[in-house]
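The block underneath contains the structure these notes are about, expressed in structure tokens.
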């Protein structure tokens, strides 16, 4: 059994037996149960709770991390929770999940599960649990804090799904009815790059940021192109990269011989490479080349 499958089993088990055992150790590494699952007694029906991201809509700059809160409203005797966070990994990277204080409000022992990749970089399972003889926590509060790193300009949905909340009362456990709400993140590109002309060359300049281990310089004739083929990668890494120099913190890269003769326009995107390997896109620049026609 691989790690992702084992963690998923633990998350499902927590919702079912959370009031009796620490389910994080209920499965051995080989996937076998260490003991028989305890029998459960149905608790009284619970009202519907809501889980959402706070704020529900947010704005951020690519490359600059932000933190959102996973908030529950209307929890009743909450002893554990799990959900999946889904987003487009082109635009966002999940850096960390920190447990909120809400689950630990009663004198119960708490722990966290995940985050665990649920198939790809844009799907993450996460959850929390508590155990003890006391009732779970009731009311509204923070389940977790999500540290996100925006990567590219655009709008992205942050979807919460596969939600389960476990209501506990002593050895009584039930899955509380619950709903989840999607958040929206608007990302703008950092205004880091300036451009100018030197003879027939386009020259791009920006300041090095220590959060990046290198850079990519992409060029194409379409203004809103995506990095990668058919665009052209004209430089990568840190200077001395081809046609690039660094003077202190200032990096300069040239695209030689592209100006003159009315051969068309060229557009550029610089992407910073983070230690994780993800890329952060900076602001776009373009040069427009038109041939002068007599009489026009």
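Bear in mind that the values in this text are calculations on the coordinates, not laboratory data. Note that the structure is a prediction, hence the values are computed from the model and not measured. No Cβ is skipped: glycine too gets one built from the backbone with ideal geometry, and neighbour counts run over all protein chains shown.
Taking a ≥ b ≥ c as the square roots of the Cα gyration tensor eigenvalues, with a/c under 1.5 meaning rounded and otherwise prolate when a/b beats b/c, else oblate, which class fits the stretch 194-287? Oblate is the answer for the stretch 194-287, as a/c is 1.5 or above yet b/c matches or exceeds a/b. The overall shape of the stretch 48-104, judged from the alpha-carbon gyration tensor, is prolate: a/c is not under 1.5, and a/b is greater than b/c. With R₀ fixed at 45 Å, the C-beta to C-beta distance from residue 198 to residue 117 puts the FRET efficiency at about 0.50. Extent of the stretch 79-128 along its three principal axes (Cα atoms, max minus min coordinate, largest first): 41, 16, 11 Å.
Determine the relative contact order of the stretch 105-206: mean sequence separation of Cα pairs under 8 Å and six or more apart, normalised by residue count, in whole percent. Relative contact order comes out at 20 percent. Figure legend: label point modelled 7 angstrom from the Cα of residue 57 along Cα→Cβ; no residues of the stretch 151-165 have amide N under 12 Å from it. With the simple model of a label 7 Å out from the Cα in the direction of the Cβ, residue 48 to residue 147 spans 3.6 nm. Panel order for 197, 271, by other beta carbons found within 10 Å of each beta carbon, from fewest to most: 197, 271.
Across the stretch 194-287, Cα pairs under 8 Å and at least six residues apart give a relative contact order of 34 percent.
Potential lengthening of the chain between residue 249 and residue 95 amounts to 52.8 nm, from the contour at 0.36 nm per residue minus the alpha-carbon distance.
Measuring r between the beta carbons of residue 224 and residue 140 and using R0 = 45 Å, the FRET efficiency lands at 0.60. Cα centroid separation, the stretch 75-128 to the stretch 193-266: 40 Å.
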